[in-house]
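Please read the structure below before turning to the comments.
The values are calculated or read from the model by the stated rules, or taken from the named source; none is laboratory data. Note that the structure is predicted; figures quoted are calculated from it, not measured. Virtual Cβ from ideal backbone geometry, glycine too; neighbours counted across all protein chains shown. All accessible areas refer to the heavy atoms of the entire protein, side chains included, with ligands and DNA or RNA removed. Shrake-Rupley method; radii C 1.70, N 1.55, O 1.52, S 1.80 Å.
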Amino acid sequence: MPNTVLTYWKLHKVPILLSVLCALFYYTFAYHLERPDFARMAFLYAALFFLCYKLIQFEKWNFKLLLVLGILFRLIFLLAVPNLSQDFYRFIWDGHLVILGENPYVYLPNEILEKGEIIIPQAQLLVEKMESLSASNYSNYPPFSQLLFGLCVWLGGQNIVGGLISMRVLLLGADLGIFYFGRKVLKHLNKSPHMIFWYFLNPLVIIEISGNLHFEGVMLFFLLFAVYLITLNKWIIAAIPLALSISIKLIPLMFLPLFFKTLGLKKGMVFNTLVVLGILVTLVPFYDTLFASHYFKSLSLWFSNFEFNASIYNVVKSLASLLEIKPWELIKVYGKIIPFMVIALVGVLTIFQKNQHPKTLITSMLMILTVYFFLSSTVHPWYLISLVLLCIFSEFRYPLVWSATVILSYSAYSNPEFKESMWLLVIEYLLVIGFLVYELFKRKGFKSLIPKN
């Protein structure tokens with residue numbers, strides 16, 4: 001036994017040391033970092049990204065080691081309070097309402113707190129921590145998300161720490177599911193299975209999902225599960241996980257027209273009908289005459305009120321300022337135009353792209369999301385996790401570059417007035433768009449930085 005350990009140490013000494021260093025950096029990120037400390041955050045993130053690359057480079061065929069490391073890095077965050085996002089306070093609040101049998105789409109947190117008719121544990125703390133914007137608006141999280149929030153709060157003993165632990169266990173399970181089905185889909189596409197580690201060990205994924213408790217991981221698990229079932233020609237069953245994926249985050253809703261080409265017109269119609277019916281089933285527990293007006297009122301805020309880490313929108317805003325158009329007037333008009341532009345792109349890819357093959361289907365999804373994020377006025381770092389997963393099944397790698405540079409957007413929080421640095425955003429998007437253009441025109445001779453077979 002000692003000889004075996006010694007031999008293993010000699011063969012894997014460098015990766016083991018890199019793993020220990022990684023763990024220390026994640027621990028520092030989880031328990032000793034505050035959001036305004038951007039310089040420290042950027043250093044830790046850059047170091048973690050470099051270490052991620054080296055670990056995959058050295059141990060890309062050692063699946064057990066990299067799998068264990070991915071799990072351990074996530075477990076480091078198990079007891080940490082998220083330090084880059086306060087969204088989880090609203091998750092816990094909505095989860096309490098679900099447990100109590102109340103509808104999170106009907107009541108405003110501020111109203112519940114003022115009236116005191118519905119008793120929620122630590123209500124004052126939750127409302128204060130979720131901040132005024134969330135507390136003064138109705139929940140905009142889709143129905144199945146609400147059921148998961150309720151489950152996590154119930155399993156966590158209806159206290160904040162227990163809720164955090166339950167959510168992290170759920171999100172870890174989802175990432176393990178992505179690892180499992182991701183490898184299967186990669187093999188089906190004749191791609192190297194080790195590419196899944198560019199999702200599983202990616203610092204953006206670990207920090208934003210396990211660290212900051214964003215449910216993109218659960219949404220992507222069901223989306224990938226659906227794609228896997230379609231590769232097996234089990235498209236009827238695939239409608240169930242796709243419906244659940246959309247009912248967690250609405251993003252996959254944009255992909256539905258693509259399946260008319262993937263499955264054919266008749267099967268595509270049946271498939272999409274089943275998906276819509278599945279979404280409606282998850283909505284049944286929350287049905288209320290006020291649901292539609294309240295939900296879409298909150299949802300519209302993302303298109304017409306918020307600005308963060310935008311690219312094309314910032315260019316348009318700069319040009320509009322020359323015409324003396326007020327920013328708040330511009331974003332309301334701009335927000336109404338985006339859906340039509342995305343719908344037009346989906347239509348083009350549905351009609352002209354050969355989406356019968358899973359690889360082409362996933363690439364179309366990647367292109368739709370990419371254009372959507374380029375057009376959007378709000379691009380939070382965790383949004384890009386979807387691109388990271390989709391890109392490993394395609395020939396494109398620019399989302400990996402974006403997952404490295406998106407940390408620059410957090411510089412806005414280092415300013416007391418929450419002011420974005422346009423210079424840093426320019427650097428972020430120049431690198432991403434430059435890499436995308438390079439891949440589009442030089443892909444045949446492109447020597448990827450990703451370790452090859």
Report task. Sort the following peptides by mean Cβ neighbour count (other Cβ atoms within 10 Å, averaged over residues), highest first: 371-382, 139-150. Result -> 139-150, 371-382
Requested in this report: Could you look at region 291-398 and say what percent of its accessible area is carbon and sulfur, using a 1.4 Å probe and all protein chains?
Outcome: 73 percent
Report task. Determine ³J(HN,Hα), in whole Hz, for all residues of region 37-46 in sequence, where each value follows from phi through the Karplus function 6.51 cos²θ - 1.76 cosθ + 1.60 and θ = phi - 60°; x replaces Gly and Pro. Result -> 7, 5, 4, 5, 4, 5, 5, 4, 5, 4
Query raised in the report: So what's the gap between the Cα centers of region 114-189 and region 218-260, to the nearest angstrom?
Result: 21 Å
Query - Cut-off under 5 Å, modelled amide H: who pairs with F308 long-range - result: T378, V379
Report task. For a quick protection proxy, order the peptides 427-435, 218-226 by their average other-Cβ count within 10 Å, most packed first. Result -> 218-226, 427-435
Report summary line: Residue-normalised value, i.e. accessible area per residue, for the chain at 1.4 Å probe, in Å², stands at 46 Å²
Report task. Place +1 on the Cβ of every Lys and Arg and -1 on the Cβ of every Asp and Glu in the chain, take the dipole about the Cα centre, and give the residue among G163, M365, L229 whose Cα lies farthest towards its positive end. Result -> L229
Query raised in the report: Hey, any idea what % of region 188-244's accessible area is carbon plus sulfur with a 1.4 Å probe?
Result: 65 percent
Requested in this report: Only Lys, Arg, Asp and Glu count, each charged at its Cβ (+1, +1, -1, -1), so figure out the dipole size of the chain about its Cα centre, rounded to 20 debye.
Outcome: 2280 debye
**Report entry** Charge dipole (debye, nearest 20) of region 283-429; +1 at Cβ of Lys and Arg, -1 at Cβ of Asp and Glu
**Finding:** 300 debye
Report summary line: Whole-percent carbon and sulfur contribution to the accessible surface of region 1-113 (1.4 Å, no ligands, DNA or RNA) stands at 69 percent
Query raised in the report: For the peptides 35-43, 400-408, what is the packing order when you average, over each peptide's residues, the other Cβ atoms within 10 Å and list the highest mean first?
Result: 400-408, 35-43
Requested in this report: Would you give the gap between the C-alpha center of region 270-336 and the C-alpha center of region 380-449, rounded to a whole Å?
Outcome: 23 Å
